[in-house]
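Here it is: the structure, laid out below.
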Amino acid sequence: LAKTTQPISMDSYEGQEVNITCSHNNIATNDYITWYQQFPSQGPRFIIQGYKTKVTNEVASLFIPADRKSSTLSLPRVSLSDTAVYYCLVGGGVKAAGNKLTFGGGTRVLVKP
Amino acid sequence: DSGVTQTPKHLITATGQRVTLRCSPRSGDLSVYWYQQSLDQGLQFLIQYYNGEERAKGNILERFSAQQFPDLHSELNLSSLELGDSALYFCASSTWDTPGRQPQHFGDGTRLSIL
């Protein structure tokens with residue numbers, strides 16, 4: 001079962017780029033990496049997902065090195081509304097019983113004006 | 001709005017009791033997932049169902065059970081409740097049974113408080 005580790009918190013300023021790294025040393029071959037954003041009193045919301053190399057969408061980029069033992073979520077030009085907790089999730093690539101999902105502990109990002 | 005509906009939003013009960021949490025997945029989604037979120041344990045995957053069948057199990061206690069019905073809604077049953085079961089319980093849904101390859105859509109959770 002993949003164990004995932006993230007920094008507990010980080011501060012940034014409006015307009016800056018925020019990079020959050022998740023460590024998952026024992027990621028399995030079939031595991032995918034997904035990042036979610038969570039605001040207080042709400043469920044997590046999907047940001048981006050990948051398996052290897054780099055993935056980019058309209059809100060974020062995900063960098064995954066060749067060994068896949070870590071991944072970095074990059075949020076370009078953050079705004080105050082990006083203040084939230086960000087979670088990485090490892091697993092979910094197998095269409096079979098026993099496919100486990102492991103969340104990191106979450107990174108609390110505070111964006112300051 | 002994720003399209004996933006969880007009821008009730010809040011539940012207060014006592015130790016030793018049994019409760020049922022309900023989840024209606026997003027229209028068209030066949031997979032349902034249950035998670036527990038507590039301050040000291042973070043988000044913990046409990047169990048996944050796909051089209052009525054159990055697909056994967058995480059850190060779900062034996063006192064907890066779940067099922068997915070033919071109309072695809074799901075229920076999580078928690079029995080012999082302990083103080084440590086106080087937490088937010090989230091349901092999520094996705095189209096297929098490989099959550100790593102597609103987004104999961106989360107409800108806003110049921111907050112369970114054990115007195």
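If N is the number of residues in region B:16-61, what value comes out of its Cα radius of gyration divided by 2.2 N^0.38 Å?
With N residues counted in region B:16-61, Rg over 2.2 N^0.38 Å equals 1.29.
Using 0.36 nm times the number of residues separating residue B:80 and residue B:115, minus their current alpha carbon distance, what extension gain do you get?
Going from the current span to full extension adds 11.3 nm.
Considering the protein assembly as shown, what Rg and Dmax in Å follow from its alpha-carbon atoms?
Both quantities, over Cα of the protein assembly as shown: 17.3, 51 Å.
Pulled fully out, how much extra length does the chain show between residue B:69 and residue B:1, if you take 0.36 nm times their separation in residues and subtract their Cα-Cα distance?
Length gained between residue B:69 and residue B:1: 22.2 nm.
Hey, what did region B:1-94 get for relative contact order, percent, Cα under 8 Å, at least 6 apart?
Relative CO of region B:1-94 lands at 36 percent.
Which is the longest stretch in chain A that no exposed loop site breaks, taking sites as trypsin sites (Lys or Arg not before Pro) with a DSSP loop state and at most 16 other Cβ atoms within 10 Å?
Longest gap between qualifying sites, sites excluded: A:4-51.
Scan region B:61-106 for GluC sites (Glu not before Pro) in coil per DSSP, keeping those whose Cβ has at most 13 other Cβ atoms within 10 Å, and list them by number.
Within region B:61-106, the qualifying GluC sites (Glu not before Pro) (loop, at most 13 other Cβ atoms within 10 Å) are B:62, B:82.
Of the options A:20, A:59, A:70, report the single residue whose Cα projects farthest towards the positive end of the charge dipole of chain A (beta-carbon charges: Lys, Arg +1; Asp, Glu -1).
Sorting the options by dipole projection puts first A:70.
Now a separate question. What's the FRET efficiency of residue B:18 with residue B:53 using the Cβ-Cβ distance as r and R₀ = 25 Å, to the nearest 0.05?
0.55
Something else: Placing +1 at every Lys and Arg Cβ and -1 at every Asp and Glu Cβ, with all other atoms neutral, what dipole size does chain A have around its Cα centre, in debye to the nearest 20?
I would put it at about 340 debye.
Can you give the direction-averaged projected area of the convex hull of the alpha-carbon atoms in region B:15-95, in nm²?
If you wrap the Cα atoms of region B:15-95 in a convex hull and average its projections, you get 4.9 nm².
What nm value, rounded to one decimal, do you get for the distance between residue B:30 and residue A:83 when each label is placed 7 Å out toward the C-beta?
4.3 nm
Values in this text are rule-based calculations from the coordinates and carry no lab data. Quantities reported herein were computed from a predicted structural model and do not represent experimental measurements. Because the Cβ atoms are built from the backbone with ideal geometry, glycine has one as well, and the counts that use them run over all protein chains shown.
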